[in-house]
Amino acid sequence: MNVLLTGGTGYIGSHTAVVLLQSGYRVVLYDNLSNSSDAVLEKLAQITGQPIPFIKGDVRDTELLISTLAAHRIDAVVHFAGLKAVGESVEKPVDYYANNVQGTISLLQAMQSAQVKTLVFSSSATVYGEPQFLPLDESHPTSATNPYGRSKLHIEEMLKDVAASDPAWGIACLRYFNPVGAHESGLIGENPNGVPNNLMPYIAQVAAGQRAELSVFGADYPTADGTGVRDYIHVMDLAQGHAAALAFLSATIGWHAVNLGTGKGYSVLDMIQAVEKASGQRVPYKIVARRAGDVAACYADPKKAGEALNWRATRTLDDMCASTWRFQQSQRLSVMS
Ligand code: NAD
Ligand code: UDP
């Protein structure tokens, strides 16, 4: 089976490429490199022992997508391509709707034209908005608190209409919780440009001495230690969730939303401690004001993924931190050499 990964050179796409190749899929990567580098292609070849076809292109280029789907005889698409920074989406909503919503419309047009009707979409737990109950299951009401989240919600709704219009479509919207960690080789991982927005890459840079201290956004939440609680999931578990979703769609039609999380929540202070343990380094921090828009706690009910996809996360918090640290160290060595 031939699978196109849009956004395939990005963080989650590159890890999923490894898992899909190792599960026997043929994989083609498609990315405009706006938030990744083609240097990842060499790392992927090193890990998998084979070169992976890559097309540099934008998902809004419908013609290029159509020719790519035909040339590589694509059977299914995993759609990672999109912009993902919440703060930036508030400042540049048009860019977010253009990339995420318009990009998905273009992809759907290309898929329709090429008669490819199997799609796995990178959605997010952000579509649940402010949690009304925990753990979050897929029946929790959806809402959006920023343009990024609204773009995911619009896309989910659009995909529901597409699946309802034609029974040949099989669509899985995977609602990711908080992906962290890296491939065990340390060759690929999350490498954000500039100051990281997310907790884990920030902590890793503090542990490595690249940043002086972490700002903990609020210690007065109604959680065990007062800091925010999230469902961190190892990116390799998440990648395996995509293989499970493709297997599921080979036998199922219609639209499906599935949480990919562990079901366990960890606080910011838990994460600091876990990285300190994995790295043997101190992570200095200071408590500052809450970050606007943050919720106290957010974690998944992963039951549906177990039942429908026969998938569950198996890696521990220590695995997440050890692999993050290994990647952090290998980055430093490659900068020095
Ligand atoms: P990433 O930025 O590392 O990967 C996204 C890739 O898409 C990048 O390589 C980028 O160059 C590419 N891209 C962006 N716009 C494009 C366009 N118009 N045409 C072609 N390529 C384009 O991000 P990631 O963390 O790997 O996230 C992948 C997907 O998962 C995104 O859709 C994101 O919204 C979603 N997601 C991520 C998280 C997370 O915390 N990382 C959580 C929930 C959902
Ligand atoms: N966080 C923090 N300092 C940072 C970045 C994040 O204290 O520099 C906290 C944030 O308030 C939240 C948790 O870490 O409670 C996870 O934040 P992240 O941005 O990684 O994920 P999200 O908020 O999107 O779930």
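Using a/c under 1.5 as the rounded threshold, could you call region 250-320 rounded, prolate or oblate? The axes a ≥ b ≥ c are square roots of the C-alpha gyration tensor eigenvalues, and prolate needs a/b larger than b/c, oblate otherwise. Judged from the Cα gyration tensor, region 250-320 comes out oblate (a/c at least 1.5, b/c at or above a/b).
What aspartates and glutamates does Lys286 reach when the alpha-carbon gap must be under 18 Å and sequence neighbours fewer than 8 apart in one chain are set aside? Reachable aspartates and glutamates: Glu213, Asp220, Asp225, Asp270, Glu276, Asp294. Region 289-321 and region 179-211 have their alpha-carbon centroids 18 Å apart. Taking label points 7 Å from Cα along the Cα-to-Cβ direction, Asn197 and Arg282 give a separation of 3.2 nm.
Once you have a ≥ b ≥ c as the square roots of the Cα gyration tensor eigenvalues for region 79-187, tell me rounded if a/c is under 1.5, and otherwise prolate or oblate according to whether a/b is larger than b/c.
Values: a/c = 1.34, a/b = 1.28, b/c = 1.05.
It is rounded, given that a/c, with a ≥ b ≥ c, falls under 1.5.
Calculate the FRET efficiency for Thr314 and Ala45 from the Cβ-Cβ distance with a Förster distance of 25 Å, rounded to the nearest 0.05. With a Förster radius of 25 Å, E is 0.40. Sequence-distant contacts, meaning Cα pairs under 8 Å at least 6 residues apart, place the relative contact order of the chain at 19 percent. For region 14-76 versus region 106-174, the spacing of their alpha-carbon centroids is 22 Å.
In the structure shown, the pairs Lys43/Lys264; Lys117/Lys152; Lys152/Lys304; Lys117/Lys160 are assessed against 22 Å; a Cα-Cα span above that value is assigned to Lys43/Lys264.
In what order do Tyr266, Tyr11, Tyr97 fall by count of nearby beta-carbon atoms within 10 Å, going from fewest to most? Could the numbers behind the result be given before it?
Details: Tyr266 21, Tyr11 24, Tyr97 18.
Final ranking by Cβ density, sparse to dense: Tyr97, Tyr266, Tyr11.
Neighbouring Cβ atoms within 10 Å as the yardstick, rank Glu276, Glu138, Glu42 fewest first.
Ascending number of Cβ neighbours within 10 Å: Glu42, Glu276, Glu138.
Restricting to the chain, what percent of DSSP beta bridges are antiparallel, rounded to 5?
Among the beta bridges of the chain, antiparallel pairing accounts for roughly 5 percent.
The numbers here are math on the coordinates, done by the rules we state, and not lab data. Being a predicted model, the structure only gives us computed values, none of them experimental. Glycine also receives a Cβ, built like all others from the backbone with ideal geometry; neighbour counts cover every protein chain displayed.
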